[in-house]
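> Okay, here's the structure, questions in a sec.
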Amino acid sequence: MLNKIIICEKEYSIDEKITNILDVLVHIKTTSNNSLAFKYGCKSGVCGSCAVRVDGVEQLACCSTISLGTTIVEPLKNLEVIRDLVVDDRNIKNRLLQSKANLETKSTNEVTQNDVDKIDLQSNCILCNSCYSSCPVYEVNKDFIGPFALTRAYRYLEDNKESSTKSKLDAIQTNGVWDCTLCGACSLVCPASIDIKNDIMKLQNLSVQNGYKNPTFSNSSDDMFGGFDSGADFGFNPNGF
Ligand code: SF4
Ligand code: SF4
């Protein structure tokens, strides 16, 4: 028996014994189309390099199986396709720099196991880019810092070794935490089970606690509420405007 698979709009028939999507890609490349371009590394869901869309949903090719009927495999969305299933993720790596998601100023705080556990899940990101492919905000605004750069910013803000929290919070105010619609699409596709949406909500809370405002509310006129106090003056603005 043969299964059907469409890869980048080209149809192939595959022996039903080969069910793993990455095995299918390797089989096609070695038997019928040696120009097919795709990336892979560890073959065990750890390196994040083989992420593609299977039937419209972001998945690691090495961890997904062919579906009944016809399976459609496409490159990740919202990234420029270099060839076939290989995409250019340089813009996303730049968003990571923009979010300052790294250790800036090392504190002398003692780090307990409890501190490590608090950011353990966020540290498991495998940089697969699936969350950016699923994000409707990144789809329309390539300057949006985006899911994994924000979840990583949260990881460093909660890191007891980091003492530059102000500069990190500053970095994620524009095209950052307030632009997320909290739709949760990123959390649904994350192969590391990171609840990115939840981390972004926590970043919004941390921002408010530190005096930042949601620009949607701070720019709205009280008049539209007929003189009712909309809460636009809640907190203080550390940027002074
Ligand atoms: S929750 Fe925010 S970051 Fe995640 S996909 Fe939705 S808009 Fe994008
Ligand atoms: S947060 Fe999850 S989906 Fe996004 S890059 Fe990291 S592992 Fe992939």
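The values are calculated or read from the model by the stated rules, or taken from the named source; none is laboratory data. Keep in mind that what you see is a predicted model, and the values were worked out from it rather than measured. Positions of Cβ are generated from backbone atoms using ideal geometry, with glycine treated the same way; all protein chains shown enter the neighbour counts.
> Within the stretch 159-193, take every residue that is within 16 Å of ligand 2 (Cβ to nearest atom) and of a type in the set (S, T, N, Q) and give me the one that is nearest to residue 215 (Cα to Cα).
Kept after step one, since they are within 16 Å of ligand 2 (Cβ to nearest atom), are these residues of the stretch 159-193: 172, 176-177, 180, 182-193.
Now drop any that are not of a type in the set (S, T, N, Q), which leaves 187, 193.
Working: 187: 24, 193: 30 Å.
So the residue we want is 187.
> Filter the stretch 51-86 for residues that are without any contact (Cβ under 8 Å) to a residue 60 or more places away in the chain and assigned to a loop (DSSP other than H, G, I, E, B); which is surrounded by the fewest Cβ atoms within 10 Å (Cβ to Cβ)? Reasoning before the result, please.
Just the residues of the stretch 51-86 that are without any contact (Cβ under 8 Å) to a residue 60 or more places away in the chain, to begin with: 52, 54-56, 61-62, 64-65, 67-68, 76, 79-83, 86.
Now narrow it down to the ones that are assigned to a loop (DSSP other than H, G, I, E, B): 55-56, 64, 67-68, 76, 79.
Numbers: 55: 15, 56: 8, 64: 23, 67: 14, 68: 6, 76: 22, 79: 19.
Here the answer is 68.
> Answer yes or no as to whether residue 93 is under 26 Å from the mean Cα position of the chain (by Cα) and in a loop (DSSP other than H, G, I, E, B). First the steps, then the outcome.
Details: under 26 Å from the mean Cα position of the chain (by Cα): yes; in a loop (DSSP other than H, G, I, E, B): no.
So residue 93 fails the test.
For every residue, the table says whether it meets (1) under 19 Å from the mean Cα position of the chain (by Cα); (2) modelled with pLDDT under 95.
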{"residue": "9", "(1), (2)": "no, yes"}
{"residue": "17", "(1), (2)": "no, yes"}
{"residue": "21", "(1), (2)": "no, no"}
{"residue": "24", "(1), (2)": "no, no"}
{"residue": "28", "(1), (2)": "no, no"}
{"residue": "32", "(1), (2)": "no, yes"}
{"residue": "48", "(1), (2)": "yes, no"}
{"residue": "76", "(1), (2)": "yes, no"}
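Per-residue answers, yes or no, for (1) acidic (Asp, Glu); (2) more than 30 Å from residue 76 (Cα to Cα); (3) at pLDDT 95 or above:
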site: 160; (1), (2), (3): no, yes, no
site: 163; (1), (2), (3): no, yes, no
site: 176; (1), (2), (3): no, no, yes
site: 186; (1), (2), (3): no, no, yes
site: 189; (1), (2), (3): no, no, yes
site: 192; (1), (2), (3): no, no, yes
site: 200; (1), (2), (3): no, no, yes
site: 203; (1), (2), (3): no, no, yes
site: 207; (1), (2), (3): no, yes, yes
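> How many residues does the stretch 159-191 hold that are of a type in the set (Lys, Arg) and under 14 Å from the mean Cα position of the chain (by Cα)? It would help to see each step written out before you state the result.
Taking the stretch 159-191 and keeping what is of a type in the set (Lys, Arg), we get 161, 166, 168.
So of that shortlist, the ones also under 14 Å from the mean Cα position of the chain (by Cα) come out as none.
Here the count works out to 0.
> Quick one: which residue in 100, 43 is on the phi > 0 side of the Ramachandran plot, in the same structural domain as residue 143 (by TED's automatic domain parsing) and of a type in the set (Lys, Arg)? Let's see the steps before the verdict.
Details: 43 fails: in the same structural domain as residue 143 (by TED's automatic domain parsing).
Only one candidate qualifies: 100.
> Identify all residues within the stretch 125-154 that are assigned to a helix (DSSP H, G or I) and more than 7 Å from ligand 1 (Cβ to nearest atom); write none if there are none.
Keep residues of the stretch 125-154 that are assigned to a helix (DSSP H, G or I), which gives 130-134, 136-140, 147-154.
130, 132, 133, 139, 140, 148, 149, 151, 152, 153, 154 - these are the residues of the stretch 125-154 that are assigned to a helix (DSSP H, G or I) and more than 7 Å from ligand 1 (Cβ to nearest atom).
> Exactly one of these conditions fails for residue 183: (1) over 15 Å from residue 96 (Cα atoms); (2) in a helix (DSSP H, G or I). Give me its number.
It is condition (2) that residue 183 fails.
> Give me a count of the residues in the stretch 134-169 that are over 18 Å from residue 207 (Cβ atoms) and crowded, with 24+ Cβ neighbours inside 10 Å.
4
> Evaluate the following for residue 70: is it assigned by TED's automatic domain parsing to the domain that holds residue 12 and not small (Gly, Ala, Ser)?
Values: assigned by TED's automatic domain parsing to the domain that holds residue 12: yes; not small (Gly, Ala, Ser): yes.
Considered against the rule, which asks whether it is assigned by TED's automatic domain parsing to the domain that holds residue 12 and not small (Gly, Ala, Ser), residue 70 comes out as yes.
> Quick check, is residue 121 touching a Gly at 6+ places or on another chain (Cβ under 9 Å) and surrounded by fewer than 21 Cβ atoms within 10 Å (Cβ to Cβ)?
Working: touching a Gly at 6+ places or on another chain (Cβ under 9 Å): no; surrounded by fewer than 21 Cβ atoms within 10 Å (Cβ to Cβ): yes.
Here the answer is no, as residue 121 does not meet what is asked.
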